[in-house]
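Colleague: My questions will all concern the structure given below.
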Amino acid sequence: MALLNPTLLAEWIEPHSFEWYNQLGKQQGEYAYSWNSTILKPNGEILFDEEVKKMIASKIVLDVGCGHGEFAIECSPIAKEIVGFDVTNLFIEQGKRKKPENVSFVLGSTKKELPFSEDEFDCAYIRKGPTSGYLALTKTIKKGGTVLGLHPGDDMDKELPILFPNLFQAKLPRDSTLKAIQERLKTANFEKWEIETVSNIEILHSPMDIINKRCFGQHPIVTEKIINENLKEITEIFGFHETNGLPITNSYYIVRATV
């Protein structure tokens with residue numbers, strides 16, 4: 001039996017669209033993954049977080065695409081001040097309820113002019129947030145300031161469309177995240193920039209982790225339909241290929257730019 005293509009369902013919303021973020025905010029109140037897995041070293045997220053915490057010491061910082069502000073709040077004891085910026089109001093409101101005195105949150109979109117003054121911040125980071133944010137940061141960040149970015153790599157989860165055809169779709173060359181980042185960094189006219197690729201293995205623990213990963217941020221009806229239609233097939237495929245879990249590629253781009 002062929003696996004269901006969830007993108008053809010009426011309830012499917014394009015991931016990382018404005019509507020998708022709003023739905024995720026209503027469902028969870030925060031940007032937190034809904035599947036269980038183990039990520040082996042080197043872990044791109046951990047490496048990025050460590051680098052950010054070194055960069056922001058005693059500085060005024062902009063967090064672009066801050067989500068519900070968990071990382072901004074985690075970094076607050078290190079920085080002088082952190083401003084979180086995000087397009088999803090429900091995330092912003094969640095962050096405001098937990099924030100310390102030196103953290104604030106601003107609602108807005110990186111696809112419009114940022115509502116900040118010229119040279120307002122010492123540095124900035126984009127932690128799995130919008131690549132469109134780079135275009136405005138050369139005005140908002142002081143000359144010589146650093147911008148760090150973390151974005152899912154083009155090889156992320158590359159095995160899933162092969163193992164679970166239709167359920168997952170292969171990424172097309174025209175949708176390359178790396179190409180989009182490079183174009184935006186060039187357009188933004190940073191003094192200098194580099195992109196490092198950090199790849200490793202993520203171990204998914206169960207067939208439901210496959211389904212939850214695919215349905216992240218989607219309406220519960222999408223998850224229910226996949227379970228009803230294909231849980232048996234997904235379980236069989238998972239069992240055939242797994243050894244203490246199913247290994248897939250975990251890949252991130254770490255961007256380092258100087259204004």
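Colleague: Mean 1/r over all different Cα pairs, inverted: what Kirkwood radius does region 106-185 give, in Å?
Modeller: Details: mean 1/r = 0.0685 Å⁻¹.
Radius from the Kirkwood sum: 14.6 Å.
Colleague: Using only C-alpha atoms and all pairs of different ones, pull out the Kirkwood radius for the chain in Å with one decimal. Provide the component values of the computation, followed by the final result.
Modeller: Values: mean 1/r = 0.0515 Å⁻¹.
After inverting the pairwise mean of 1/r, the radius is 19.4 Å.
Colleague: To the nearest 10 degrees, how steeply does helix 89-98 sit against the main Cα axis of the chain, on a 0 to 90 scale?
Modeller: That helix lies at roughly 70 degrees to the long axis.
Colleague: 7 Å from Cα along Cα→Cβ at both K54 and K111: what's the point-to-point distance in nm?
Modeller: 3.6 nm
Colleague: What number, in percent, do you get for the relative contact order of region 117-185 if the mean sequence gap of Cα pairs under 8 Å and at least 6 apart is divided by its residue count? It would help to have the intermediate numbers written out before the result.
Modeller: Values: 70 pairs, mean separation 23.6, N = 69.
The value is 34 percent.
Colleague: Just how far, in whole angstrom, is region 1-41 from region 73-122 if you go by their alpha carbon centroids?
Modeller: Distance between centres, Cα-based: 24 Å.
Colleague: Taking Cα pairs under 8 Å and at least six residues apart, what relative contact order does the chain come out at, in percent? Working shown, then result.
Modeller: Numbers: 494 pairs, mean separation 69.2, N = 259.
Result for the chain is 27 percent.
Colleague: What size of dipole, in debye to the nearest 20, comes out for the chain about its Cα centre when the only charges are +1 on Lys and Arg C-beta atoms and -1 on Asp and Glu C-beta atoms? Show your work: numbers first, answer last.
Modeller: On the way: 29 positive and 36 negative charges, 116 e Å.
So the magnitude is around 560 debye.
Colleague: Which order do S199, S251, S58, S176 take when ranked by solvent-accessible area (1.4 Å probe, heavy atoms of all protein chains), largest first? Display every interim value, and only then the final one.
Modeller: On the way: S199 60, S251 5, S58 90, S176 25 Å².
Sorted by accessible area, descending: S58, S199, S176, S251.
Colleague: While we're here: Of L90, L135, S117, which is farthest along the charge dipole of the chain in the positive direction, counting Lys and Arg as +1 and Asp and Glu as -1 at C-beta?
Modeller: Final value for the positive-end residue is S117.
Colleague: For all pairs of alpha-carbon atoms in region 104-151, what percent lies in each bin of width 5 Å, listed from the first bin to the last filled one?
Modeller: 5, 22, 30, 31, 12, 0
Colleague: Lys and Arg at +1, Asp and Glu at -1: add these up for the other residues within a Cβ distance under 14 Å of I203 and post the number. If you can, show how the numbers build up before the last one.
Modeller: Details: positive: K41, K213; negative: D157, E159, E202, D209, E242.
Residues near I203 contribute -3 overall.
Colleague: Moving on to the next point. Would you mind computing Rg(Cα) / (2.2 N^0.38 Å) for region 179-259, counting N as its residues?
Modeller: Working: Rg = 18.7 Å, N = 81, 2.2 N^0.38 = 11.7 Å.
Output field value: 1.60.
Colleague: If DNA, RNA and ligands are ignored and the probe is 1.4 Å, what is the ranking of H241, H151 by accessible area, most exposed first?
Modeller: If we order H241, H151 from most to least accessible, we get H241, H151.
Colleague: Then there's this: Which is farthest toward the positive dipole end of region 1-160 among L24, S104, L47, measuring Cα position about the Cα centre, with Cβ charges +1 (Lys, Arg) and -1 (Asp, Glu)?
Modeller: Among L24, S104, L47, the one farthest towards the positive end of the dipole of region 1-160 is S104.
Colleague: Please compute the net charge surrounding D122, taking Lys and Arg as +1 and Asp and Glu as -1 over other residues with Cβ under 12 Å from its Cβ. Mind showing how you got there, number by number?
Modeller: Values: positive: K59, K80, K142, K143; negative: E81, D119, E120.
Computed value for this residue: +1.
Colleague: Over region 105-199, with every protein chain in place, what whole percent of the accessible area is carbon and sulfur at 1.4 Å, could you tell me? Please list the in-between numbers first.
Modeller: Values: 2450 of 5150 Å².
Answer for region 105-199: carbon and sulfur cover 48 percent of the accessible area.
Colleague: Next up: What's the local net charge at K158, with K and R +1, D and E -1, over the other residues with C-beta under 14 Å away?
Modeller: On the way: positive: K171, K213; negative: D154, D155, D157, E159, D175, E202.
Counting the neighbours of K158, the net charge comes to -4.
Colleague: Two decimals is fine: what's Rg over Rh for region 1-145, C-alpha atoms, Kirkwood radius as Rh? Don't skip to the answer; put the middle values down first.
Modeller: Details: Rg = 16.7 Å, Rh = 16.5 Å.
Across region 1-145, the Cα-based Rg/Rh ratio is 1.01.
Colleague: Identify all lysines with a Cα-Cα distance to K186 below 25 Å; exclude those on the same chain that are fewer than 8 residues away in sequence.
Modeller: Straight-distance partners of K186: K111, K112, K128, K139, K142, K143, K171.
Colleague: Right, something else. Project the alpha carbons of region 101-255 onto their principal axes and report the range along each, largest first, in whole Å.
Modeller: Principal-axis extents of the Cα atoms in region 101-255, largest first: 56, 31, 30 Å.
Colleague: Could you tell me, in Å, what Rg and Dmax come out for the Cα atoms of region 60-112?
Modeller: 9.9, 30
Colleague: Let me ask another. To the nearest 10 square angstrom, what accessible area does L178 show with a 1.4 Å probe?
Modeller: Solvent-accessible area, nearest 10 Å²: 50 Å².
Colleague: Using +1 at the C-beta of Lys and Arg and -1 at the C-beta of Asp and Glu, which of I234, P247, G65 has the Cα lying farthest in the positive direction of the dipole of the chain?
Modeller: Positive-most Cα among the choices belongs to G65.
Colleague: Shifting gears a bit: Let me have the 222 nm mean residue ellipticity of the chain computed from DSSP H runs of 4+ only, each contributing -39500 (n - 2.57), with the sum over all residues rounded to the nearest 500. Each step should come with its number before you reach the end.
Modeller: Numbers: 9 runs with 92 residues, N = 259.
After summing the helix terms and dividing by the residues of the chain, the value is -10500 deg cm²/dmol.
Colleague: Now, a different point. Would you mind working out the magnitude of the charge dipole of region 1-61 relative to its Cα centre, with +1 at each Lys and Arg C-beta and -1 at each Asp and Glu C-beta, to the nearest 20 Debye? Write out the running numbers ahead of the final one.
Modeller: Working: 5 positive and 8 negative charges, 52 e Å.
My answer is approximately 260 debye.
Colleague: Suppose we flag GluC sites (Glu not before Pro) only when DSSP calls them loop and at most 12 other Cβ atoms lie within 10 Å. Which is the longest uninterrupted stretch of the chain?
Modeller: On the way: sites that count: E101, E113, E118, E191.
For GluC sites (Glu not before Pro) (loop position, at most 12 other Cβ atoms within 10 Å), the longest site-free span of the chain is 1-100.
Colleague: Let me ask you something else. Given an 8 Å cut-off on Cα distances and at least 6 residues of separation, report the relative contact order of region 80-171 as a percent. Working shown, then result.
Modeller: Numbers: 103 pairs, mean separation 19.4, N = 92.
Once normalised by length, the contact order is 21 percent.
Colleague: Identify the residues of region 177-200 with backbone N under 11 Å of a label point that sits 7 angstrom from the Cα of D154 along the Cα-to-Cβ direction, or state none.
Modeller: Within reach of a label on D154: 177-182.
Colleague: Ok, one more. Counting DSSP beta bridges in the chain, what percent are antiparallel, to the nearest 5? Write down the numbers at each step before the final one.
Modeller: Working: 23 of 43 bridges.
Around 55 percent of the beta bridges assigned by DSSP in the chain are antiparallel ones.
Colleague: Could you please put W20, W193, W35 in sequence from largest to smallest accessible area, using a 1.4 Å probe? List each step's numbers first, then the result.
Modeller: On the way: W20 5, W193 85, W35 35 Å².
The most accessible residue leads, giving W193, W35, W20.
Colleague: Using the heavy atoms of the protein chains alone and a 1.4 angstrom probe, what is the accessible area of region 31-184 per residue in square angstrom?
Modeller: On the way: 7670 Å² over 154 residues.
With all protein chains present, region 31-184 gives 50 Å² per residue.
Colleague: Using only the alpha-carbon atoms, what does region 71-151 span along each of its principal axes? Please give whole angstrom values in decreasing order.
Modeller: Principal axes ranked by extent give 31, 26, 25 Å for the Cα atoms.
The values are calculated or read from the model by the stated rules, or taken from the named source; none is laboratory data. Remember, predicted model here, so these are calculated numbers, not experimental data. Cβ atoms come from the backbone with ideal geometry, glycine included; neighbour counts cover every protein chain shown. For accessibility, only protein heavy atoms count, side chains too; no ligands or nucleic acids. Shrake-Rupley method; radii C 1.70, N 1.55, O 1.52, S 1.80 Å.
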